Amino acid sequence: MALDGVTLAYLVKELAPLLIGARIDRIFQPEKEEIHFQLRQQSSKRLLLNCSATAPRFHLTQENKKNPSSPPMFCMILRKHLEGGKLTGLYQKELERVVTFEFQNYNDRGDLVTLHLHLEIMGKHSNLILVDPRENMILDGLKRYSHALSQYREVLPGRTYLAPPSQGKLPPLQNEELWRETLYKEELDRPLTSLLLASFAGVSPELAREIVIQAGLSTDTLLNQCGDIDLSRLFQAYRRLCDPGSVPEIQPCLYYQPAPRSQLAAFSFVPFQQYQELRLESVSTLNEAVQTFYQVKANNNSLESRRGSLGKILQEQYSHSSKKLKIYNEAESSAEINLAYQRWGELLTANLYQIEPGSSEAVVEDYYDPSAPEVVIPLNPHISPIDNAQRYYKLYNKAKATLLKTKELKEAVLDELRYLESLKYNLAQAATPSELEELYAELAGQGYVAGKHLKKVHSKGKPGRAKPGSKSKAKSSKVVHQPRVFHSSQGRLILVGKNNAQNDWLSLRKGKPNDLWLHTKVIPGSHVLVPLQDGEEFPDDATLEEAAALAVYFSQARGSSQVAVDYTHVKQLKKPNSGKPGMVIYDQNWTLYLTPKPEVLEGLLASEAILE
C-alpha cells in the first residue's frame, strides 16, 4: 500500500521515542534524492530520508550504501548546519504527508539554534527542505525550483517556506454525527471509497477500500445505498483504522504473492482484509515492514533496469539476425527463379541453327514439356545466339551456387535466432542479480558484449560490443550453479536449469548416463533432469508426467495444451560442434504430449527447495 498520512502517523508514533535525543554523527547522500543520518543514542542507528518520485519515505535502515567521492551541495549544507547537533522533535501535522524533523545545534557564532527539516512525501512533488523556523526561511532544498516551475511557491535559499497547499480534508473525527455530516456534504451517488478519499486527511485508496470492506460493504457501494447501520459500521471501521491516537497497538504485516511468484506485494500497519488472498507475514515493527517493502521494491527496480539493459542488447542482435534472414530468403527466392535459365540455355543450344543473328527473341519448342508448347526466350541482339545460351547457363550456375551458399548461411542464422530466443526466455525467467550475472557472462562469452561483469552494462555510452561468436578475453570466474530443485509427488528429485549455462551443466556434467532428461520439442525452455538409480530405466509414471509438466512450465509453451516433450537418457545427448550454450542433440528419444494440470503444477512449485 502507499505510505499515506495515516501510515506515516503510526510510523512517527513508533520511531519518535527511538530517535528523539539522538546525536547526528554523520550525514551522507548516497543517491540523488536520498539522505542518510548516522545517529548515536546508546547505540548507533541509520535514518533514511528519501524524496524520490517513486518511493518517498523515511525509516531506520541497516543498508550501508556506497557514497559518491564528493558530497553533493545539499549534503554539505546539512553537514554544516546539523552534524554534531541533536534531533529534538519528530512530528506530523494533522495526518498531512509532511514529516518534520526538529534539530538543535550551535551555529557559527556559538548560539544554540533550532532548525526544521521537512520531508514532503507527495509523489513527484516530494522534497526535503531545511528551514530556519525563526524567520520561516529556507536554507536549502534538495530539489530547488522557482516560480517558473511552480506558481504556488519557490524552493530556493533565502525564500520564505510555504507548506504544501492544504487539500481541505478533515483530520480524524471523534463525533459520528459530524462525520456523517461531512459525508453528506458530497454527492450522494458517489462511491464510499471516493468520499472517504476526498473528505478525510491521511486516507489513501487502499485504506479507503479497507474501511469499506471492514464495514462489511462492497467497495462499489454508493452513499445513497447505505442505511443507518451501514454508516455506523463504516464510522467504527474508520475510527479503528484512521485514528493513530486511539489505537493502542498495531500489527504490521507484509503480503506476498502466492507461489510460484512469491513476490512482496504490499504492507500494512494491521492485517487488511483486501489482501486475504495473499500470503501474510507478521513483522515486529512498522519500520521493519516499511524498510523491507521499499528495499525489495528498490532491488526489483534495479533488477528490472538490468534486465532492460540486457534485453536491449538481445533485441538489437535479434533484429540484426532477422534482417540477415530476410536477405537470405530474398536471395533464395530470386535464385530459385533463376534456376529456370538452365532450360532456356539448353533450348537455345538445341535451336542455334534457326536463330538469326541480331534477333531480340527466339521462339522455340519446349521439348521438356510433352505437349511441346512454344516458348519465347529474350535475347541480347548485340551478341551471338551461342553467347546468349552461355549467358543463361552462367545465370543458372550463379543461382545454383547462391542456393548452396545461402542454405549454409540461412541454417547458421536460424540457429542464431533459436539461440537468441532461448536467451530471451532465460532473461525473462531470471529472478536474482546472480542469475542476470550468469546470463551476462554467457553473452560476453559469445561475443555479444565486451567485458565480464554486469555493471559494465550501465557504464557511460553504449555497452561494448564484440563480434558474435568471438571468444571473450575476460577471465571467467568459478560459477556455482544453483538450478531449481523440486520433488515429485512420489518424493523423486527433479532438477530444472535456470539458464543455458545451467542447462549445459545439468545435461553434460551433473547428469549420469542413465539419468532421464526432458525438454520441450523445438520450443525454447529449460533442461529437466530426473536422477535415476543404477539399473533403473525410467522413474514411476507420476514422476515422469510431473517432470514433463515442469519442462512445459519452464518453457515458452507455458499455458499451452498438448505440448510435445521429448525425453531420453543423458547418454544419448551430444554437444554439436561449435554448439551454442544450452544446445544439445540426440538421436533416440520418446515424446510425451501433455497439458499440465494446474493442481499438479501448484504442488510441484510449492515443493521447490535448494540444491545441497
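Looking at the range 31-107, the strands (runs of 3 or more DSSP E) lying wholly inside it that each contain 2 or more residues that are touching a Lys or Arg at 6+ places or on another chain (Cβ under 9 Å) sit at 34-41, 43-50, 86-92, 98-106. Residues in the range 390-423 that are under 31 Å from the mean Cα position of the chain (by Cα) and not aliphatic (A, V, I, L, M): Asp415, Glu416, Arg418, Tyr419, Glu421, Ser422. Here Leu278 fulfils each of the conditions (1) crowded, with 17+ Cβ neighbours inside 10 Å; (2) within 28 Å of Gln92 (Cα to Cα); (3) not acidic (Asp, Glu) apart from (2). If the condition is being among the aliphatic types (A, V, I, L, M) and surrounded by 15 or more Cβ atoms within 10 Å (Cβ to Cβ), then the range 66-119 contributes Ile77, Leu78, Leu82, Leu87, Leu90, Leu95, Val98, Val99, Val113, Leu115, Leu117, Leu119.
Out of (1) assigned to a strand (DSSP E or B); (2) farther than 17 Å from Leu423 by Cβ, the odd one out for Leu508 is which? Every condition holds for Leu508 apart from (1).
Whether a residue is surrounded by fewer than 22 Cβ atoms within 10 Å (Cβ to Cβ) and either outside the structural domain of Arg492 (by TED's automatic domain parsing) or at pLDDT 95 or above (or both) was assessed, and His569 passes this test.
So that you can scan it fast, the table gives a plain yes or no per residue for (1) closer than 22 Å to Thr7 by Cβ; (2) more than 37 Å from the chain's Cα centre (by Cα):
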| position | (1), (2) |
| --- | --- |
| Gly141 | no, no |
| Leu149 | no, no |
| Val155 | no, no |
| Arg159 | no, yes |
| Ala163 | yes, no |
| Ser166 | yes, no |
| Thr193 | yes, no |
| Leu207 | yes, no |
| Asp220 | no, no |
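Considering the range 536-566, and only residues there that are crowded, with 17+ Cβ neighbours inside 10 Å and of a type in the set (D, E, K, R), the residue that is nearest to Gln588 (Cα to Cα) turns out to be Asp566. Would you mind stating whether Ala557 is under 33 Å from the mean Cα position of the chain (by Cα) and either at pLDDT 95 or above or under 14 Å from Val496 (Cβ atoms) (or both)? Against the criterion (under 33 Å from the mean Cα position of the chain (by Cα) and either at pLDDT 95 or above or under 14 Å from Val496 (Cβ atoms) (or both)), Ala557 does not qualify. Looking only at residues in the range 19-64 that are acidic (Asp, Glu) and within 24 Å of the chain's Cα centre (by Cα), which one is surrounded by the fewest Cβ atoms within 10 Å (Cβ to Cβ)? Per the stated criteria, the residue is Glu63.
Screening the range 300-333 for residues that are farther than 19 Å from Val449 by Cβ and free of Cβ contacts under 8 Å to residues at least 24 places away in the same chain and picking the one that is farthest from the chain's Cα centre (by Cα) gives Ser333. Filtering the range 298-335 down to residues that are closer than 13 Å to Pro433 by Cβ and of a type in the set (Ser, Thr, Tyr), which residue is modelled with the lowest pLDDT? Step by step, filter the range 298-335, then rank; the result is Ser302. Cβ separations smaller than 8 Å between residues 6+ apart or across chains give the following pairs from the range 372-394 residues that are under 12 Å from Ala362 (Cα atoms) to residues that are acidic (Asp, Glu) and in a strand (DSSP E or B): Glu374/Glu365; Val375/Glu365; Val376/Glu361; Ile377/Glu361; Pro378/Glu361; Leu379/Glu361. Checked against (1) in contact with a Pro (Cβ under 6 Å, 6 or more places away or on another chain); (2) farther than 30 Å from Ala201 by Cβ, His81 passes all but a single condition, namely (1). Checking Thr591, Thr543 one by one, the residue that is farther than 25 Å from Leu423 by Cβ and touching a Ser or Thr at 6+ places or on another chain (Cβ under 6 Å) is Thr543 and no other. For Ala362, the requirement of being part of a loop (DSSP other than H, G, I, E, B), in contact with a strand residue (DSSP E or B) (Cβ under 6 Å, 6 or more places away or on another chain) and not basic (Lys, Arg) is not met. Evaluated against (1) in contact with a His (Cβ under 9 Å, 6 or more places away or on another chain); (2) farther than 28 Å from Leu173 by Cβ, Thr100 falls short on exactly one condition, (2).
For the range 297-314, the set of residues classified as in contact with a Pro (Cβ under 9 Å, 6 or more places away or on another chain) and among the basic types (Lys, Arg) consists of Arg306, Lys312, listed by residue number.
The values are calculated or read from the model by the stated rules, or taken from the named source; none is laboratory data. Keep in mind it's a predicted model, so treat the numbers as computed, not measured. Neighbour counts run over all protein chains shown; Cβ positions are idealised from the backbone, glycine included.
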